[in-house]
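> Please read through the structure below; I'll follow up with questions.
The values are calculated or read from the model by the stated rules, or taken from the named source; none is laboratory data. Computed from a predicted structure; not experimentally measured. Neighbour counts are summed over all protein chains in view; Cβ atoms, including those assigned to glycine, are modelled from backbone coordinates with ideal geometry. Surface areas here come from the heavy atoms of the whole protein model, side chains and all, with no ligands, DNA or RNA. Shrake-Rupley method; radii C 1.70, N 1.55, O 1.52, S 1.80 Å.
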Amino acid sequence: MRKVHICEVGPRDGLQNAKHLMPTDAKKAWISALAAAGVEEIEVGSFVPPKLIPAMADTGEVVQYARTLPGVKVVALAPNLKGFQRALEAGAHKVTFPVSASRLHSESNVRMTPEQMVEEVRKCARYPHPGVEIEGAVSTAFGCTMQGDVPEDDVVRIAAKLAEFCDGVALADTVGYANPAQIRRVFRRVKNEIGAKLEAAHLHNTRGLGLANALAAYEEGVRHFDSSMGGLGGCPFAPGASGNVITEDLVFMFESMGVPTGISLEQLFRAREVLVKGIPEEPIYGHTPLAGLPKGFRAAA
Ligand code: COA
Ligand code: ZN
């Protein structure tokens, strides 16, 4: 069976929405522990104005540090050309751009309409970026707390535009509105349109359907998943957004199904301790780390 690729987005999606700040050294220790657990891709921060999200002010230093960890693909989020240039300067291997399918969320998040944001990403794709991957992430692809319904046609249209110049496209359930039937339908529609350019599922667990949605996406052929340790996360510019699908539980689900993730659960639990040490006041979630692994549990071969 094919392996799934998990991108840990806690240092970005998680910490951007945390009530407390994690010191830079603690971020580095957490990212090291994640790498030691076998996490091969980590979204370590975002290049946004530090005044807007103070927790991301040290992303340049964190990217530079993460680059020294062997075997880790270092991802950063950028909302515009300036952020992209900062990401390139710091040495990110991959840059992801949030392109909201909901006009209201897009304007709240990046002060651009979806169409303007698509053009901003196109501008970045034209800017020299040797060896650096660009991902277009269609945010609020399954609904929006501000706009309500997000027409599937809008999602397909934006994904198709992004596929013209991005290396990969992700669909994001920014506010945790999706259900498994919807996940299957929308991923299938977008895949019919852009084929293998459709890569990742970025799911939130706001209504407890994170794992069900991840499994539905897996059954539609998705092999790249974003998730967040301890279920931290959420967009500060989308009211009602909360944590991502929980990395520990997602890894447990796949490994116990016999689908290798390349990640050691025991070491992942150690990384969770490092996370708690780095931001002790922040509530964290996760069923598997609390319950422990089942007796006789065997990771996927
Ligand atoms: N990094 C650092 N500074 C930036 C920047 C970036 N990526 N983009 C713009 N700036 C600076 C500008 O240089 C300018 O500085 P100045 O006032 O000293 O001249 C100032 O910020 C305002 O620039 P402007 O282009 O007018 O931006 P804006 O105020 O319209 O904000 C975004 C637009 C896209 C920068 C902002 O909405 C944003 O960062 N959104 C992302 C939010 C986010 O992280 N959401 C969660 C993840 S999905
Ligand atoms: Zn998110």
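> So in the stretch 163-295, what percent of DSSP beta bridges are antiparallel if you round to the nearest 5?
Once the DSSP bridges in the stretch 163-295 are tallied, antiparallel ones form about 10 percent.
> Here is a follow-up. Taking the Cα centre of the chain as the origin, how large is its charge dipole in debye, to the nearest 20, when only Lys and Arg (+1) and Asp and Glu (-1) carry charge on their Cβ atoms?
Dipole of the chain, to the nearest 20 debye: 200 debye.
> With only alpha-carbon atoms in the gyration tensor, what are the semi-axes of the equivalent ellipsoid for the stretch 1-105, in Å, largest first? Don't jump to the answer; show the numbers that get you there.
Numbers: eigenvalues 88, 57, 39 Å².
For the stretch 1-105, the ellipsoid semi-axes come out as 21, 17, 14 Å.
> On to the next question. Please state the Cα pair-distance histogram of the stretch 135-187 with 5 angstrom bins from zero: what percent is in each bin?
4, 22, 31, 25, 13, 4
> Based on the mean of other beta carbon atoms within 10 Å per residue, what is the order of 276-289, 127-140, most packed first?
127-140, 276-289
> Hey, if we sort Asp154, Asp173 by accessible area with the 1.4 Å probe, largest down, what's the order?
Order by accessible area, largest first: Asp154, Asp173.
> Still on this model: Could you calculate the contour length gain from His129 to His287, that is, 0.36 nm times the residue separation minus the distance between their Cα atoms, to one decimal place in nm?
52.8 nm
> Normalise the Cα radius of gyration of the stretch 96-243 by 2.2 N^0.38 Å (N = residues in it) and let me know the number.
Normalised Rg, Cα atoms only: 0.96.
> Moving on to the next point. Cα extents of the stretch 195-291 along the three principal axes, largest first, in whole Å?
43, 34, 22
> A follow-up question, please. At 1.567 mPa s and 4 °C, plugging the Kirkwood radius over alpha-carbon pairs of the stretch 5-291 into Stokes-Einstein gives what diffusion coefficient in µm²/s?
In µm²/s, the coefficient is 71.
> Continuing with the same structure: Could you list, in their original order, any pairs among Lys51/Lys277; Lys3/Lys123; Lys3/Lys82; Lys19/Lys295; Lys123/Lys277; Lys19/Lys73 whose Cα atoms are separated by more than 29 Å?
Working: Lys51/Lys277 26 Å; Lys3/Lys123 34 Å; Lys3/Lys82 35 Å; Lys19/Lys295 36 Å; Lys123/Lys277 40 Å; Lys19/Lys73 27 Å.
The pairs that break the limit, which is 29 Å between Cα atoms, are Lys3/Lys123; Lys3/Lys82; Lys19/Lys295; Lys123/Lys277.
> Can you list the HN-Hα couplings for the stretch 145-157, worked out from phi with the Karplus curve (6.51, -1.76, 1.60; θ = phi - 60°), rounded to whole Hz and with x for Gly and Pro?
With coefficients 6.51, -1.76 and 1.60, one gets 5, 8, 8, x, 4, 10, x, 4, 4, 5, 5, 5, 5 Hz.
> Turning to a different aspect of this structure: How far, in nm, would the chain grow between Lys277 and Arg185 when pulled straight, counting 0.36 nm per residue and subtracting the alpha carbon separation?
29.1 nm
> Would you mind working out the accessible area per residue for the chain, using a 1.4 Å probe, and quoting it in Å²?
Per residue, the chain has 41 Å² of solvent-accessible surface.
> Moving to a separate point now. If I take R0 = 25 Å and measure r between the Cβ atoms of Glu119 and Arg223 in this structure, what FRET efficiency does the formula 1/(1 + (r/R0)^6) give, to the nearest 0.05? Could the numbers behind the result be given before it?
On the way: r = 30 Å, r/R0 = 1.19.
Efficiency for this residue pair is about 0.25.
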